[in-house]
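The values are calculated or read from the model by the stated rules, or taken from the named source; none is laboratory data. Everything quoted here is computed from the prediction, not taken from an experiment. Glycine gets a Cβ as well: all are built from the backbone with ideal geometry, and neighbour counts include every protein chain shown. Heads up: the accessible areas ignore ligands, DNA and RNA and are worked out on the full protein's heavy atoms, side chains in. Shrake-Rupley method; radii C 1.70, N 1.55, O 1.52, S 1.80 Å.
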Amino acid sequence: MAHQNHNEKANYIFGRLPAINALESGKALKAYLQKGFSDERIISLCNKSKIQVMYVEADKLNNLSRNGNHQGVVLEVKPFEYSDLASIINVAKKKENPLIVILDEIEDPHNFGAILRSCDAFGVDGILIKSRNQVLVTSTVAKVSTGAIEYLRIAQVSNLSTAISKLKENGFWIYAADGSGKDDYQKLDYKGPVALIVGSEGRGISRLVLDNSDFIIKIPMFGHVNSLNVSVATGILLSRIRNN
């Protein structure tokens, strides 16, 4: 939900909707509002939360948000708390049709944030990311997710193949979305425990992870461009899985 600022040992998020979600969830520690800021909902939530509120010049907010679109508000927040694989599986297995999303080295925070927004919209029970070569939860990710980050469980794992094996042991079917796929995503049945894998923007899903998947699915293309942005593709696939 936040990133580590190099100049100050604090975590920040910015933007009005992420701020509202952080305030409502009790994760805000301090608020920096631009002088003249007049969003009554945020001001009221700050007062209700009894956190320190500082009215500052725009330059201060630009610095804290690294020139992001802060919309006049930056919050210092508690560090994002990652879940672990076991707890995600335990929570997911209690659902009728559990759904987990696995990200194989997503590098763009905007893509990550957009994927998280779709995951919340379609009721994903948990997200697995690699602990290396993957963008982590940053202030930009939180902003793009429009606050969805507050409602999702995300676990970092050192090895995706090991995590996939653990999911299989718990009854999950593994669907990897890749251009090399033979199965049209629209023609499969997604009932029961499902884990959907999407790959990095440039390299896609690694060969080892593909080899450990039960199905390799693809989205048929009809235009001149033969690929979709990974966050767009994820939204399309999640919609199909949830509306199976």
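Excluding Phe80 itself, calculate the net charge of residues whose Cβ lies under 12 Å from the Cβ of Phe80, where each Lys or Arg counts +1 and each Asp or Glu counts -1. Value of the local net charge: +1. Counting only residues at least eight positions apart within a chain, or on another chain, the aspartates and glutamates with an alpha carbon under 14 Å from that of Lys182 are Asp211, Asp214. Most tightly packed first, judged by the mean number of other beta-carbon atoms within 10 Å of their residues, the peptides 203-209, 190-196 read 190-196, 203-209. Of the residues Leu188, Leu99, Leu17, which exhibits the maximal mean-square fluctuation in a Gaussian network model of the chain defined by a 10 Å Cα contact cut-off? It is Leu188. Summing charges over all other residues whose Cβ lies under 12 Å from the Cβ of Arg207, with Lys and Arg as +1 and Asp and Glu as -1, gives -2. Accessible area per residue for the chain, computed on protein heavy atoms with a 1.4 Å probe, is 49 Å². Projection of the Cα convex hull of the chain, averaged over all directions and equal to a quarter of that hull's surface, yields 14.3 nm². Carbon-plus-sulfur accessible fraction, segment 80-218 (probe radius 1.4 Å, protein heavy atoms only): 45%. For segment 98-135 and segment 196-244, write down the distance between their C-alpha centroids in whole Å. Using only Cα atoms to place each centre, the spacing works out to 13 Å. Based on DSSP H segments of at least four residues, each scored -39500 (n - 2.57), the chain has a per-residue ellipticity at 222 nm of -9500 deg cm²/dmol.
Count charges around Ser49 for me, please; just the other residues with Cβ under 15 Å from its Cβ, Lys/Arg as +1, Asp/Glu as -1. That works out to +1. The Cα-based radius of gyration of segment 39-98, divided by its Kirkwood radius, gives an Rg/Rh of 1.20.
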